[in-house]
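Asks: Below is a structure I'd like to ask you about.
The values are calculated or read from the model by the stated rules, or taken from the named source; none is laboratory data. Computed from a prediction, not measured in an experiment: that's the story for all the values here. Using ideal geometry, Cβ is built from the backbone for each residue, glycine included, and neighbour counts are taken over all protein chains shown.
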Number of protein chains: 2
Amino acid sequence: MGLKSFVDVSEGSHFPLENLPYGVFRRKASSEGADVARPAVAIGDYVLDLSAVAEAGLFDGPHLKGSTCFSEPSLNKFLEMGRPAWKEARSTLQKILSADEPVLRDNDALRKKCLVPMSEVEMVLPIVIGDYTDFFSSIYHARNCGTMFRGAENAIAPNWYQLPIAYHGRSSSVVISGTDVIRPRGQGPPMGSSTPYFGPSLKLDFELEMAAVVGPGNELGKPIDVNNAADHIFGLVLMNDWSARDIQFWECVPLGPFLGKSFSTTISPWIVTLDALEPFACQAPTQDPEPLPYLAEKTHVNYDISLEVSIKPKDHNEPSIVTKSNFKHLYWTVTQQLAHQTINGCNLRPGDLLGSGTISGPEPESLGCLLELTWNAQKTLSVGKSSRKFLEDGDEVIFTGCCKGKDYNVGFGTCTGRVLPALP
Amino acid sequence: MGLKSFVDVSEGSHFPLENLPYGVFRRKASSEGADVARPAVAIGDYVLDLSAVAEAGLFDGPHLKGSTCFSEPSLNKFLEMGRPAWKEARSTLQKILSADEPVLRDNDALRKKCLVPMSEVEMVLPIVIGDYTDFFSSIYHARNCGTMFRGAENAIAPNWYQLPIAYHGRSSSVVISGTDVIRPRGQGPPMGSSTPYFGPSLKLDFELEMAAVVGPGNELGKPIDVNNAADHIFGLVLMNDWSARDIQFWECVPLGPFLGKSFSTTISPWIVTLDALEPFACQAPTQDPEPLPYLAEKTHVNYDISLEVSIKPKDHNEPSIVTKSNFKHLYWTVTQQLAHQTINGCNLRPGDLLGSGTISGPEPESLGCLLELTWNAQKTLSVGKSSRKFLEDGDEVIFTGCCKGKDYNVGFGTCTGRVLPALP
Ligand SMILES: [Ca+2]
Ligand SMILES: [Ca+2]
Ligand SMILES: [Mg+2]
Ligand SMILES: [Mg+2]
Ligand code: NI
């Protein structure tokens, strides 16, 4: 059986002692005021306030003793400290939360100060994101999109097999799970005349992604070796790269996606660390052709993370599952992505976000966006008692991700957003 | 004749009393220490330390009195305050620097505290850049690139005439003028085999651009009207969007430029305000087809800014001019760019950078990058006693930009960078 905490962790919880994902929370507005944002880890149905743990002097290892990293309103300072500090935090937290350890368990006042029920908090964006990159690393997604728009013969361009294709996304509009998404307005392809369509997007979509959160960065001009790349990655989040397909298709030649993506990108509140994911590491797909030396890694792993997308239309009582995929399907690993991004000398900074690209799997039921699921609106997808080609106003899109162990889960919770109507 | 300051402003100076561009400086390392970065304006061969001016209580208008915006290490806080504060600062500074005004002129101690010779300071990046966007707004540049790679018939895609095409660039690697640029390594197209080239870029280029610096931003979901867009733009800088053409060409299908651009982008230290540029406003090119209503602006202006690029090879004593262009050639104006960028609800933040795209003019001598000047290395360009197809190690690239009035200039100074050899 798994590790045992004195905090109640229900069976199937995403947040047992083995996980301890990091986020930033605020107590919900109360008469007492005190709504400053500070770092926490999740345990069962509680958040553990790391500023309170630090204040109580419980971080007593060499890296964290006396550090103010948990008094910050974001995790960036902690991210910058690197793996030795992360390991130390994990071991301290697993110790003070364990069933055998009295320091919190038997100190009512301190325990109440440190452990706050999730129902009493609001999660906020856990990181300050300097730059956000979005990759394109699922071969199934690349093949499907290519087939749709260029035909099966030219589906995947030859560069795709040689490097993890990516583009820069918009960091200002990355929002936390639960934030409503206003349907964007913009130009779409001309429909029967030479004037483009203008108005609310008619092809609003989700993209099932995960993103790596960068820990220590690198200096401009100093690439990160692929075999050290894991030390620069703190953990992973769920990410919905909302996409307006009509806007995207019309604008993207020749410089790529822009307004079709920049209106909102949602991430989950909890960052699951690579340390917590390690038991779920699995061999990544064999790459053919072999990658160039700077992308050839000694440890070529993905993580076995089951992913699910549900849609809850406005008038439905329950969400309906529309796809099931897995992070392990990615052709290019996060370490290869990170090494590639820096090979030209580009500098990463703590808190930078590396999106995986849409995570489609090989089966028809494992496609990561409506564009693929409905083959660009040529088919309809059933959603409970309704059906969809693209998203409708009022739809709530819910991602969930979980590593399923024998005795416990290491989960990501959910990443959600509801579609609001466009501005008039 | 122009305005007269008690500070000596030589004829032809870029920085007379009519200009007063903003930057952030640090005194060069000295025994006294005191090398904290703070805002300044340029006047003649001096920088005027705005923190010292504020400390002396000379900002006495309603917006700036008591404000700490000039005690910051960047201009972001001042940018956020908007045009009323900018106008007030300009009028205060033009007054206290004028030949008739004794407050600084006749106070030796205060004058020495406030006015520092440029030779004694180092300029630093004046803004914290959240997101950096690069547009593609010169029709000459778009047509030349299109002709080179897709033939004259398909040179410009139909979307280009309907919207200001753009992509997100990398904000972490935006550097200040004078910073060396290490030749990036990366993948290029396969040459005679199926394996891509890997190594130092063989096609390193400059791109002659200017960039708009965003003042007050907008909330996510709330587009900025094109007719209010100018109030969200603080000013302009010179920008060199260094480009590795081989890396760019190989990677850019289907998601656009990435590592071919993200290794360095250089901006000039001085931000010239729209207020200082106003006398040089000129009608922007007529647009055909007419832009959609959200891009149709009442005041459709560019600025008449003469631009020059010189290259100084390592073994040359003098730089040689390689191109002369003008900001007024841009088809899409900065206000249209800004309105377009927010039409989908995307939020801008103070300090965001909107690059113009390569500013090529109609004549062969006014092309804004080596790709065009040498037609992708099919021709050679003479550079003094040498010649170039693309940049060589040791080359210094020098941009300069200036509005030439009858009695005075409003100039941008220079934007420079020297190419260092790639990592081994
Ligand atoms: Ca995506
Ligand atoms: Ca450019
Ligand atoms: Mg997005
Ligand atoms: Mg660049
Ligand atoms: Ni960015």
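Asks: Quick one: which residue in B:Pro285, B:Pro279 is under 27 Å from A:Gly199 (Cα atoms) and either surrounded by fewer than 24 Cβ atoms within 10 Å (Cβ to Cβ) or under 18 Å from the mean Cα position of the chain (by Cα) (or both)?
Replies: B:Pro285
Asks: Okay, next question. Within region A:163-181, does at least one residue satisfy the condition of being within 16 Å of ligand 2 (Cβ to nearest atom), under 30 Å from B:Ser194 (Cβ atoms), in contact with a Ser or Thr (Cβ under 7 Å, 6 or more places away or on another chain) and at pLDDT 95 or above?
Replies: Within region A:163-181, one or more residues are within 16 Å of ligand 2 (Cβ to nearest atom), under 30 Å from B:Ser194 (Cβ atoms), in contact with a Ser or Thr (Cβ under 7 Å, 6 or more places away or on another chain) and at pLDDT 95 or above.
Asks: Could I ask something else about it? Would you mind stating whether A:Ser10 is modelled with pLDDT of 95 or more, in a loop (DSSP other than H, G, I, E, B), of a type in the set (Ser, Thr, Tyr) and more than 22 Å from A:Pro102 (Cβ to Cβ)?
Replies: yes
Asks: Just one of (1) within 23 Å of B:Ala230 (Cβ to Cβ); (2) under 18 Å from the mean Cα position of the chain (by Cα) trips up B:Asn347, so point out which.
Replies: (2)
Asks: I need the full set of residues from region A:96-114 which are part of a helix (DSSP H, G or I) and either touching a Leu at 6+ places or on another chain (Cβ under 9 Å) or in contact (Cβ under 8 Å) with a residue 24 or more places away in the chain (or both), in order please.
Replies: A:Ile96, A:Val103, A:Leu104, A:Arg105, A:Leu110, A:Arg111, A:Lys113, A:Cys114
Asks: When residues of region B:159-196 are filtered for being closer than 16 Å to A:Leu255 by Cα and either in contact with an Asp or Glu (Cβ under 9 Å, 6 or more places away or on another chain) or facing another protein chain (nearest Cβ under 8 Å) (or both), how many remain?
Replies: The qualifying residues number 10.
Asks: Where residues in region A:205-216 are surrounded by 24 or more Cβ atoms within 10 Å (Cβ to Cβ) and away from ligand 3 (no atom under 12 Å from the Cβ), which of them is nearest to the other protein chains (Cβ to nearest Cβ)?
Replies: The qualifying residue nearest to the other protein chains (Cβ to nearest Cβ) is A:Val214.
Asks: Taking A:Glu290 as the residue in question, decide whether it is within 12 Å of chain B (Cβ to nearest Cβ), surrounded by 24 or more Cβ atoms within 10 Å (Cβ to Cβ) and more than 16 Å from the chain's Cα centre (by Cα).
Replies: no
Asks: Now for a different question. List the residue pairs whose Cβ atoms are under 6 Å apart, where the first residue sits in region B:130-151 and is without any contact (Cβ under 8 Å) to a residue 24 or more places away in the chain and within 21 Å of B:His340 (Cα to Cα), the second is charged (D, E, K, R) and assigned to a loop (DSSP other than H, G, I, E, B), and the two are 6 or more positions apart or on different chains.
Replies: none
Asks: Looking for something touching a helix residue (DSSP H, G or I) at 6+ places or on another chain (Cβ under 8 Å), within 14 Å of chain A (Cβ to nearest Cβ), on the phi < 0 side of the Ramachandran plot and modelled with pLDDT of 95 or more - is there at least one such residue anywhere in region B:295-314?
Replies: Looking through region B:295-314, at least one residue is touching a helix residue (DSSP H, G or I) at 6+ places or on another chain (Cβ under 8 Å), within 14 Å of chain A (Cβ to nearest Cβ), on the phi < 0 side of the Ramachandran plot and modelled with pLDDT of 95 or more.
Asks: Something else now. Is there any pair with a first residue in region B:169-191 that is without any contact (Cβ under 8 Å) to a residue 12 or more places away in the chain and more than 16 Å from B:Pro269 (Cβ to Cβ) and a second that is away from ligand 2 (no atom under 15 Å from the Cβ) and assigned to a strand (DSSP E or B) whose Cβ atoms are under 9 Å apart and which are 6 or more apart or on different chains, and what are they?
Replies: So the pair list comes out as B:Pro190/B:Tyr197; B:Met191/B:Tyr197.
Asks: Out of region A:115-135, which residues are farther than 28 Å from B:Pro257 by Cβ and surrounded by fewer than 24 Cβ atoms within 10 Å (Cβ to Cβ)?
Replies: A:Leu115, A:Val116, A:Pro117, A:Met118, A:Ser119, A:Glu120, A:Val121, A:Glu122, A:Met123, A:Val124, listed by residue number.
Asks: Quickly run through region B:213-253 and pick out the residues that are assigned to a loop (DSSP other than H, G, I, E, B), within 16 Å of ligand 2 (Cβ to nearest atom) and either farther than 30 Å from A:Asn159 by Cβ or hydrophobic (A, V, I, L, M, F, W, C) (or both).
Replies: Listed by number, the residues that qualify are B:Trp242, B:Cys252.
Asks: What about A:Ser138, is it at the interface with chain B (Cβ under 9 Å from one of its Cβ atoms), surrounded by 21 or more Cβ atoms within 10 Å (Cβ to Cβ), away from ligand 4 (no atom under 16 Å from the Cβ) and not hydrophobic (A, V, I, L, M, F, W, C)?
Replies: Spelling it out, it is not the case that A:Ser138 is at the interface with chain B (Cβ under 9 Å from one of its Cβ atoms), surrounded by 21 or more Cβ atoms within 10 Å (Cβ to Cβ), away from ligand 4 (no atom under 16 Å from the Cβ) and not hydrophobic (A, V, I, L, M, F, W, C).
Asks: Shifting gears a bit: Return the residue satisfying two criteria in turn: it lies in region A:384-413 and is of a type in the set (Gly, Ala, Ser) and surrounded by fewer than 19 Cβ atoms within 10 Å (Cβ to Cβ), and of such residues it is farthest from A:Thr374 (Cα to Cα).
Replies: A:Gly405
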